[in-house]
Amino acid sequence: MSHSAKPVHPELTNSLLWVMTIATGLIVANLYYNQPLLVLMAKSYHVSISKIEEVATVTQLGYAAGMLFLAPLADMIRRKRLIMLCLSLAIVALLGAAIAPNVNMLILASFLVGVFSLVPQLLVPMTAHLAKPAERGRKIGFVMSGLLIGILLSRTLSGIVGKYFGWEAMFYIAAGVMVVIWIMLFFMLPEVEPEYKGKYGALMSSLITLIREEPALRIAALRGALCFACFMAFWTSLAALMHDNFGKGSDITGLFGLFGAAGALAAGVMGRLSDRMDAYKLSTVTLFLIIVSFVIFIFSGYSFVGLIIGVIVLDMGVQATHISNQSLIFSLKPEARNRINTVYMVTYFIGGSLGTYITSFAWDAYKWTGVCVVGILLSTIAIVFHLLNQKTIHQIRQRV
């Protein structure tokens, strides 16, 4: 009898899917706790809003760096081992942010929080790997619902904690939550054996090959980057808008995450739709929603109702487009899903960082109107790019 056996493919049970979804939402929240707290941080360190917005920008850049240099390793080494190591280092980085003695150390700690909070971008491809092909869009949509809820409710939580306990308390709490997640994943997450047998240098070089050979990846990445730039333009400006136009603090800023979480409902729906209907038409509608949201925003600088409606429309559009993009790219090369996701998400978060950076200047020069104009321009470029690539997208869909 042979002692060698083919490795058993782990099953994506409902309990495992829930664990991965909860972990994804709570870990990605690390990237967004700082946004409602920026005004409090600026006062704490006696710096300008423009300076403290570097905290939000470098967190996104750190996430992109982690995805670029660490996430591809999931195709090369055991994924669970990589996930546990990154979570451990994220805990250290969060504690470093809480005790940072000056703003520059806070910026450095925030960058490291971003780098080591890349775990959701290991769990999403893992979901695609474990799911049955006919259920892939729905399962990815479910996990992405958790991710969006984590992004949006992180602001609600941090706004309230910052208001009543100080901004540092939020980072201590986040570190404690990561310890719980570490234990949960250690006992429940299955190991997935890597399929790539080459060296790290060749692994990284293959990213360039994927960009060159996969037009679907290029289209999805650029489309996603522009959408996330719009998303970050709004959310990183909201604290300043609440302070200047409404005289409100971090608690009210954070509460907008509750309304934005309505967009998470679109994630599961769009995941199911992406399995059944024309993805190009679906993306056309969702991209148009982003333009509509900023048209609403530009007339809502002093209207809570207008801002709430705009937030719901914006988050539905951004998240639904993101799901459509991921459903497309994860159908390309199963053996390279982590590298494909790396290219997509690095581009995505570079877009978010650029959106934050550009918006800081728009706010300084033209306040809320400038932010909305940036959002309208970026979302218009996104839908024009999408429409110009209609033929290519249809050809790709037929091939995959």
Label model pair residue 284, residue 132: point-to-point distance (7 angstrom along the Cα→beta-carbon line) in nm is 3.3
In the chain the accessible area split gives carbon plus sulfur, as whole percent at 1.4 Å, a share of 69
Descending accessible area (1.4 Å probe), largest on the left, turns 76, 178 into 76, 178
Here the gain from full extension of residue 183 to residue 367, 0.36 nm per residue of separation minus their alpha-carbon distance, amounts to 61.8 nm
In a Gaussian network model of the chain with springs linking alpha carbons closer than 10 Å, the residue among 72, 36, 194 that fluctuates most is 194
Answer in debye to the nearest 20: the dipole magnitude of the chain about its Cα centre, from +1 Lys/Arg and -1 Asp/Glu charges placed on Cβ, is 820
The rounded separation in angstrom of the Cα centers of region 282-324 and region 206-234 is 20
Quick calc: nm separation of the 7 Å Cα→Cβ label points for residue 246 and residue 164 -> 1.9
Result for the chain: accessible area per residue, probe 1.4 angstrom, in square angstrom, of 40
For the chain, the longest principal axis of the Cα atoms and the Cα long axis of helix 215-241 enclose an angle in degrees, to the nearest 10, of 30
Given the candidates 224, 173, 361, the one whose Cα lies deepest towards the positive end of the charge dipole of the chain, counting +1 at each Lys or Arg C-beta and -1 at each Asp or Glu C-beta, is 224
Among 48, 108, 26, the residue whose Cα sits farthest towards the positive end of the charge dipole of the chain, when +1 is placed on the Cβ of each Lys and Arg and -1 on the Cβ of each Asp and Glu, is 26
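Within region 164-254, which trypsin sites (Lys or Arg not before Pro) sit in a loop by DSSP and count at most 11 neighbouring Cβ atoms inside 10 Å?
197, 199
So how do 244, 75 rank on accessible area, 1.4 Å probe, biggest first, that is with the largest at the start?
From most accessible down to least: 244, 75.
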Low-density loop trypsin sites (Lys or Arg not before Pro), region 101-177, at most 12 other Cβ within 10 Å, DSSP non-H/G/I/E/B, are none
Taking a straight Cα-to-Cα line shorter than 20 Å from residue 43, and setting aside same-chain aspartates and glutamates fewer than 8 residues away, one finds 53, 54, 168, 244, 251, 364
Rounded to one decimal in nm, the spacing of the 7 Å Cα→Cβ label points at residue 48 and residue 104 is 1.8
The distance between the Cα centres of region 31-56 and region 57-76, in whole Å, is 23
Sites removed, the longest contiguous part of the chain containing no DSSP-loop chymotrypsin sites (Phe, Trp or Tyr not before Pro) with at most 12 other Cβ within 10 Å is 1-298
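Given all pairs of different Cα atoms, what value in angstroms does the Kirkwood hydrodynamic radius of the chain take?
Result for the chain, one decimal place: 21.0 Å.
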As straight-line cross-link partners of residue 391, the qualifying aspartates and glutamates (C-alpha separation under 16 Å, not fewer than 8 residues apart within one chain) are 214, 278
With 0.36 nm assigned to each residue of separation and the Cα-Cα distance removed, residue 78 to residue 213 gains 46.0 nm
Ignoring ligands and nucleic acids, residue 331 exposes an accessible area, probe 1.4 Å, in Å² to the nearest 10, of 40
Taking the dipole of the chain about the Cα centre (Lys, Arg +1; Asp, Glu -1; charges at Cβ), the one of 334, 123, 319 that reaches farthest to the positive side is 334
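The values are calculated or read from the model by the stated rules, or taken from the named source; none is laboratory data. Source: prediction; values computed, not measured. Cβ atoms come from the backbone with ideal geometry, glycine included; neighbour counts cover every protein chain shown. What goes into the accessible areas is simple: the full protein's heavy atoms, side chains included, and nothing from ligands, DNA or RNA. Shrake-Rupley method; radii C 1.70, N 1.55, O 1.52, S 1.80 Å.
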